Amino acid sequence: MAKHETPLLDQLESGPWPSFVDDLKQEAASRAKNEKNVEYQIPVDVVEDLLGVLELSFKHGRTHWKHGGIVGVFGYGGGVIGRYCDQPEQFPGVAHFHTMRVSQPAGKFYTTEYLESICELWDRRGSGITNMHGSTGDIIFLGTTTPQLEEIFYELGHNLNQDLGGSGSNLRTPSDCIGEARCQYACFDTQALCHDLTNEYQDELHRPAFPYKFKLKFDGCPNCCVASIARSDLSFIGTWRDDIKIDQEAVQAYIGGEFPPNGGAHSGRDWGPFDIEKEIIGLCPTSCMWMEGKKLMIDDRECTRCMHCINAMPRALRIGDDRGCSIFAGAKAPILDGAQMGSLIVPFIKVEEPYEEIKETVIEPIWDWWMEEGKNRERLGELMKRQGFQKLLEATGFKPDPRMVQEPRTNPYIFWKEDEVEGGFERDINEFRKYHQR
């Protein structure tokens, strides 16, 4: 019999979709049986008490977690999120229920041996509940007690060669797509850049010194599988600056029905014969494609790299050869201000080791400006909104570019800088009066 009655949570087990309640009950039963004879270092009934406190939260309509608290591991200011229950007598198993963030490998490549090792560690010293992965990308260990934090940290570092991720007002663990390892559209090696910057900025990752959180994310192509343009303070999106490569014979093969569009991804029903005018050319956002007889033409100067035509006809169209990335700044989810997408600050930059140009001309000047001007708990995007895009350009030394313009100006006033005005702003009134009789 369950330790706590959970009629409200039980409703979440109904319906056709997977339920986290099912998973938690399964974990609670596994811990109770302990068929592997695990030497649990925290209360065995931790998951049952977790279900109980969540049921109480549903009943009362408010949380019973006291978020925060000074808790962590020696030498690090991030990586651990302190969490305490405000009903410790009723739910002693979750009196302490701290979260740990474990840095994920670039591209999220794991061996089964590694996954078994971290699960064994967490079963023994934590609740056994994980989140693969958090929105930043980290492996999330949900729920352990204060005495276990240093023990887990030691085993991660010495036995698993693994580090904690970021939390608090610091650099969060950089995250990337699978990149050139498996994707034919990747325009740069996302894993190499992500790994290099993770190692380069360890101090910023583990010792909070920023006004608020800062996220770096890397998308190998404009398909944006990591959605970096919507959820990272500095977004790197692969692109190319030469022409899309066209195989005209393959284009005709798609038109003739020899090749299925979209790699056959939508073959579950009969959509009728492939219509290149309707499905490709007519859907181009800038209308930069057309047919001349049996030849597909593209005005690459007007192409915005939306990837639709390449995704739909991958055997006929390929990304260009002059590859690099575009860099966007200021994206975030709604916290103090509303959600906003990244703004283009670098239209194109080559991504080549040792990445000094990216570090010294983009990342570090932006950090210097943000740390000097940013308010407490103000994201980069909010600072850009408060002080203006022009201030960001001045801080980084980037020259204004028409491609940075999001929309036409609506303010009819132009505010000149003093060095742009002949004679400056300060004038001698007596000199002025010489030319005007009183």
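Listed here are the residues, each with its yes/no results for (1) touching a strand residue (DSSP E or B) at 6+ places or on another chain (Cβ under 8 Å); (2) under 29 Å from Met289 (Cβ atoms); (3) in a strand (DSSP E or B); (4) basic (Lys, Arg).
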| residue | (1), (2), (3), (4) |
| --- | --- |
| Cys187 | yes, yes, no, no |
| Asp203 | no, no, no, no |
| Pro211 | no, no, no, no |
| Pro222 | yes, yes, no, no |
| Phe236 | yes, yes, yes, no |
| Glu249 | no, yes, no, no |
| Tyr254 | no, yes, no, no |
| Phe259 | no, yes, no, no |
| Asn262 | no, yes, no, no |
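Going by what's in this entry, would Gly157 be described as surrounded by fewer than 21 Cβ atoms within 10 Å (Cβ to Cβ) and in a loop (DSSP other than H, G, I, E, B)?
no
Mind checking which residues of the stretch 35-60 are modelled with pLDDT under 95 and either of a type in the set (S, T, N, Q) or within 32 Å of the chain's Cα centre (by Cα) (or both)?
Asn37
Any residue in the stretch 130-148 that is not assigned by the TED database to the domain that holds Ala331 sitting within a Cβ distance under 6 Å of a residue that is surrounded by 19 or more Cβ atoms within 10 Å (Cβ to Cβ) and basic (Lys, Arg)? List the pairs, counting only those 6 or more apart or interchain.
Close Cβ pairs satisfying both conditions: Thr136/Arg172; Asp138/Arg101; Gln148/Arg125.
Looking for whichever is under 28 Å from Cys194 (Cα atoms) and among the hydroxyl-bearing types (Ser, Thr, Tyr) here; the options are Ser267, Ser287, Ser326. Which one fits?
Ser326
Among all residue pairs at least 6 apart or on different chains, which show Cβ distances below 6 Å where the first residue, located in the stretch 289-307, is within 23 Å of Cys187 (Cβ to Cβ) and the second is among the charged types (D, E, K, R)?
Going by the 6 Å Cβ cut-off, the qualifying pairs are Asp300/Asp243.
Can we say Leu50 is touching a helix residue (DSSP H, G or I) at 6+ places or on another chain (Cβ under 9 Å), assigned to a helix (DSSP H, G or I) and of a type outside the set (D, E, K, R)?
yes
What is the residue count in the stretch 373-393 for residues that are surrounded by fewer than 14 Cβ atoms within 10 Å (Cβ to Cβ) and under 26 Å from Arg241 (Cα atoms)?
1
Tally time: how many residues in the stretch 236-277 are touching a residue at least 60 places away in the same chain (Cβ under 8 Å) and either surrounded by 13 or more Cβ atoms within 10 Å (Cβ to Cβ) or in contact with a Pro (Cβ under 7 Å, 6 or more places away or on another chain) (or both)?
Residues flagged as touching a residue at least 60 places away in the same chain (Cβ under 8 Å) and either surrounded by 13 or more Cβ atoms within 10 Å (Cβ to Cβ) or in contact with a Pro (Cβ under 7 Å, 6 or more places away or on another chain) (or both) within the stretch 236-277 amount to 15.
Based on this model, can you work out whether Ala230 counts as loosely packed, with under 15 Cβ neighbours inside 10 Å, small (Gly, Ala, Ser) and within 30 Å of the chain's Cα centre (by Cα)?
When the stated conditions are applied, Ala230 does not pass them.
Is one or more of the residues making up the stretch 59-80 touching a strand residue (DSSP E or B) at 6+ places or on another chain (Cβ under 7 Å), of a type in the set (Phe, Trp, Tyr), assigned by the TED database to the domain that holds Asp163 and closer than 30 Å to Ala192 by Cβ?
Checked against the condition, which is being touching a strand residue (DSSP E or B) at 6+ places or on another chain (Cβ under 7 Å), of a type in the set (Phe, Trp, Tyr), assigned by the TED database to the domain that holds Asp163 and closer than 30 Å to Ala192 by Cβ, the stretch 59-80 yields at least one hit.
Being of a type in the set (Asp, Glu) and closer than 17 Å to Thr144 by Cα is the requirement here; does Asp10 meet it?
Judged against the criteria, Asp10 is not a match.
Output yes when any residue across the stretch 162-176 is more than 18 Å from the chain's Cα centre (by Cα), assigned by the TED database to the domain that holds Tyr110 and part of a loop (DSSP other than H, G, I, E, B), and no when none is.
Yes, the stretch 162-176 contains a residue that is more than 18 Å from the chain's Cα centre (by Cα), assigned by the TED database to the domain that holds Tyr110 and part of a loop (DSSP other than H, G, I, E, B).
As an exercise: evaluate Ala192 against (1) aliphatic (A, V, I, L, M); (2) assigned to a loop (DSSP other than H, G, I, E, B); (3) within 15 Å of Lys108 (Cα to Cα) and give the number of the one condition it does not meet.
Here Ala192 clears every test but (2).
Is it the case that some residue within the stretch 150-158 is of a type in the set (Val, Ile, Thr) and closer than 27 Å to Tyr355 by Cα?
no
Which number in (1) more than 28 Å from Phe188 (Cα to Cα); (2) not in a helix (DSSP H, G or I) marks the one condition that Glu352 misses?
(1)
Return the residues of the stretch 394-415 that are in a helix (DSSP H, G or I), touching a residue at least 24 places away in the same chain (Cβ under 8 Å), of a type outside the set (Gly, Ala, Ser) and out of contact with any Leu (no Cβ under 7 Å at 6 or more places or on another chain); say none if nothing qualifies.
Across the stretch 394-415, the qualifying residue is only Thr396.
The values are calculated or read from the model by the stated rules, or taken from the named source; none is laboratory data. Remember, predicted model here, so these are calculated numbers, not experimental data. No Cβ is skipped: glycine too gets one built from the backbone with ideal geometry, and neighbour counts run over all protein chains shown.
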